[in-house]
Every structure is written in structure tokens, then in C-alpha cells.
Amino acid sequence: MKALGKNSITVAIDAGLGVLSWALWIALALLFLFGIPALIVDQFYDLSWVAKAPPPALVWPFAIMFAIFVLAAQTVISRLRKIFTTLIAGDPFVPENAVHMRTIWIVLVVFEVLNMGFSSGALMAQKWFGGALAGLKGEFHINWSLWMAVIVLIVLTEIFREGAKLRQEQKLTI
Amino acid sequence: MAIRVTLDRVLLDRHMSLTELCDRVGVTMANLSILKTGKAKAVRFSTLEALCRELKCQPGELLMFEEDIEEKDAAE
């Protein structure tokens, strides 16, 4: 399979990202349309086959965290698709792509910090309120592989930024 | 950019059009326009040599150093 052009890996990945983007929107819509009423109105729907429901007091925090996750994922996907568009067009080394890459690692950092805050908050809430939050699993966990990936992404973004700048200068060398 | 290209003035002095210069030098119109409008980031010696040869001038006649306004403000 070739890297660029019709029926290439790039086009296939771009299509996959498009599908993933839609799937996330649908998941978010389903959560707000069915999931939350089901959790608020007791026994409205039995969703135990889908997932273990959080304690009622934590329905909204969970829903908000999921919405933040979907928005973060959508931002990353949309930026990746913009990068892929330039790649498919045959000219990915443009300064705009460095901005997209920077946005991606910032979103990853912000989301992971929020995630850590939420997990730690859940842990503290469990200690304070105990039995009322029996279904809650709180823990303080550092995702080392994600942080390493973020560091690698930061370095690659800066290299890309310099490369794109050099490319731009080369283009404007007569 | 502190370096200003004075190609338009030299062309006017030589009564030569940009199209004619493109043909003589072998540089595309698009690239020469970038140079003329001051959008170029760098000039190759080979291009400068060809321009000087065809326009019968010195590199100093094509390029001029001008302090930027910001630099002037900073100096004051």
C-alpha cells in the first residue's frame, strides 16, 4: 500500500479518524440523551449491561469528565485530520502543522492533568464520604507512558517547527 | 527586513521590463516578483550574478540596507 494518493495508508487513516470522530459525537449524544436520565431517574433504564453505573452523586461529574474527554479527543482528531489534509495534498511541511501539533500536545497535557485531578478528587471524596460512594474507584495514578509520549511530541513539534521555517525560507530563496 | 531590493528602480533606469529580465536571467516571473516586492528571504549568488550581468550593474545597486522602524525606535 502506498503512502500518499488514492487508496493510500494516509487516506485510510484519515477516513478512520473521520469515523472515530462521528462515533465520539454519537457516544456523547447518547450519554446525554439516555444515560443521564437513566441514572437520575432511578431504574428508568437498566444500563448495568453497558457499564457499572457510578453513585448518583457522581453522575454529573462523570458526565462532565466524559464530555471533556470527547471534546479533547475531537480537538486532537480535527487537528490530525488537518495535518492529514496537507499530507494528502503532498505538502505537509507548513508552519500551520507545527501549530496543530502544539495544540495536540497541549490538549493531551490539559486532559491528563484534569484526569489526574478528577481521580485524586474521587479518592479524597471516597475517604471523606466512605459508604455513600461505595461504587467509586478513586486512585492517584501517573500515566508515565502518556507523559513520555507528550515529551516526545513536544520535541518533535519543535523540530517540525524549525523544519517548516527552513522550508519556508528555502521556498523564498531566489 | 532591513535589506531592501531596488530591482524596480534599476529596471526603470535600464528601460527593461520584468518579463524581459525573466527571459534573460532564466528565473520564473513568480520568483522575480517575490524578489522585486521584497518578500524574498535570500538570494543565491548565482541569481545575483545573472541579474548583475543582464542589468550591467553591481550587487550594491540591487540591494540596499535600511534600518527597520523598530530598530530606529530602539536606538532612540
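The values are calculated or read from the model by the stated rules, or taken from the named source; none is laboratory data. Computed from a predicted structure; not experimentally measured. Every residue, glycine among them, receives a Cβ derived from its backbone with ideal geometry; neighbour counts consider all protein chains shown. These area figures cover heavy atoms from the full protein model, side chains too; ligands, DNA and RNA do not enter into them. Shrake-Rupley method; radii C 1.70, N 1.55, O 1.52, S 1.80 Å.
Values for this structure:
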quantity: Some residue of region A:140-150 being out of contact with any Asp or Glu (no Cβ under 9 Å at 6 or more places or on another chain), part of a helix (DSSP H, G or I) and surrounded by 15 or more Cβ atoms within 10 Å (Cβ to Cβ); calculated: no
quantity: Leading residue by the ranking (modelled with the highest pLDDT) among those in region A:157-174 that are within 14 Å of chain B (Cβ to nearest Cβ) and open to solvent by less than 40 Å² (accessible area, probe 1.4 Å); calculated: A:Ala164
quantity: Qualifying residues in region B:30-40 (those that are in a loop (DSSP other than H, G, I, E, B) and over 17 Å from B:Gly60 (Cα atoms)) - the one nearest to the chain's Cα centre (by Cα); calculated: B:Thr37
quantity: Pair list, Cβ < 8 Å and 6+ apart or interchain, from region A:57-82 residues that are closer than 18 Å to A:His100 by Cα to residues that are surrounded by fewer than 17 Cβ atoms within 10 Å (Cβ to Cβ) and at pLDDT 90 or above; calculated: A:Ala72/A:Val110; A:Thr75/A:Thr103; A:Arg79/A:Thr103; A:Lys82/A:Glu96
quantity: Failed item, numbered, when B:Asp13 is tested on (1) of a type outside the set (S, T, N, Q); (2) open to solvent by less than 80 Å² (accessible area, probe 1.4 Å); (3) more than 14 Å from chain A (Cβ to nearest Cβ); calculated: (2)
quantity: Candidates A:Ile154, A:Ile106 - the one that is at pLDDT 95 or above, within 24 Å of A:Met65 (Cα to Cα) and either away from chain B (no Cβ under 14 Å) or surrounded by 15 or more Cβ atoms within 10 Å (Cβ to Cβ) (or both); calculated: A:Ile106
quantity: Total residues in region B:41-61, condition more than 7 Å from every other protein chain (Cβ to nearest Cβ) and either under 9 Å from the mean Cα position of the chain (by Cα) or not in a loop (DSSP other than H, G, I, E, B) (or both); calculated: 13
